[in-house]
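Notes for the one structure printed next.
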Amino acid sequence: MKDAFEASLAQLEDYVRGHQPEEQAEDYELDLFQRALAGQAPELQFRSRVAATVRSLGERGTLNLYLTRAEVDQLLASKLSVAFLEYDPQTLGQFEIPADAEVLVTKVPLDLRDVTEVEVEVVAEDGRTVKRMPDVAFDAEAGAFYACCEAELARVASSTRRSTRVWSIEPSGRRLLAELPVA
């Protein structure tokens, strides 16, 4: 069943991006609309929910994982309940996200003088890179970057053991700025 759903999502993406011949697209469109009217187009419902979630995160100011200090200040001034943490490996296990927090912002202090581009990698306990995020927003003047996460997701993520590597991207290649244990 999962394979059929994934195939239907891929076909919907092809249609939306215009990657089908016109006649095939017309046939697909007719079938899609008939199935949607009958409530039998789960790929369309899924795509709609993803789009709504992305719009909601954008409106909340939490779509971007990394923020500048000015963006953090906007988030703190919003109506959202924001928990703010300054990363300190010595007190890492002592911080608990408040139950009423909607968003967690973590300030990660680093020497970012002369740094023009930052990349972050999340690394699993076995050393495998789980996620790579290029072009991370940072504040060289503040000497930090600010990680932003929906609090519910941060609570789930805090139950896994991993670390974060922060890289400076330079003409000569990548230079490791820090390896930060997270959990």
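Read the figures in this text as sums done on the coordinates, not as results from a lab. All values reported here derive from a predicted model rather than from experimental measurement. Using ideal geometry, Cβ is built from the backbone for each residue, glycine included, and neighbour counts are taken over all protein chains shown.
Dipole of the range 1-89, Cα-centred, from +1 at each Lys and Arg C-beta and -1 at each Asp and Glu C-beta, to the nearest 20 debye?
Computed about the Cα centre, the dipole is about 580 debye.
Give me the angle, in degrees from 0 to 90, between the Cα long axis of helix 42-60 and the longest principal axis of the Cα atoms of the chain, rounded to the nearest 10.
Helix 42-60 sits at roughly 30 degrees to that axis.
Calculate how steeply helix 22-37 sits against the longest principal axis of the alpha-carbon atoms of the chain, using the helix alpha-carbon long axis, and give the answer as 0 to 90 degrees to the nearest 10.
Tilt relative to the chain: about 80 degrees.
Give me the dipole magnitude in Debye, nearest 20, for the chain about the Cα centre, with unit charges on the beta carbon: positive for Lys and Arg, negative for Asp and Glu. Mind showing how you got there, number by number?
Values: 20 positive and 33 negative charges, 117 e Å.
Computed charge dipole of the chain: roughly 560 debye.
Could you check which residue among GLN45, GLN34, GLN74 shows the biggest mean-square fluctuation in a GNM of the chain with a 10 Å Cα cutoff?
Of GLN45, GLN34, GLN74, the Gaussian network model singles out GLN34 as fluctuating most.
Please compute the length gained on full extension between LYS131 and TYR28, using 0.36 nm multiplied by the number of residues separating them and subtracting their Cα-Cα distance.
33.6 nm
Want the number for ALA77 to ALA157: 0.36 nm per residue separation, take away the alpha-carbon distance, what's left?
Fully extending the segment from ALA77 to ALA157 adds 26.2 nm.
Nearest 10 degrees, 0 to 90: what angle lies between the long axis of helix 2-16 and the longest principal axis of the chain (Cα atoms)?
Tilt relative to the chain: about 80 degrees.
Indicate the gyration tensor shape class of the chain (rounded, prolate or oblate), computed on the Cα atoms with a ≥ b ≥ c the square roots of the eigenvalues: a/c under 1.5 is rounded; otherwise a/b larger than b/c is prolate and the rest oblate.
Note, shape of the chain comes out prolate.
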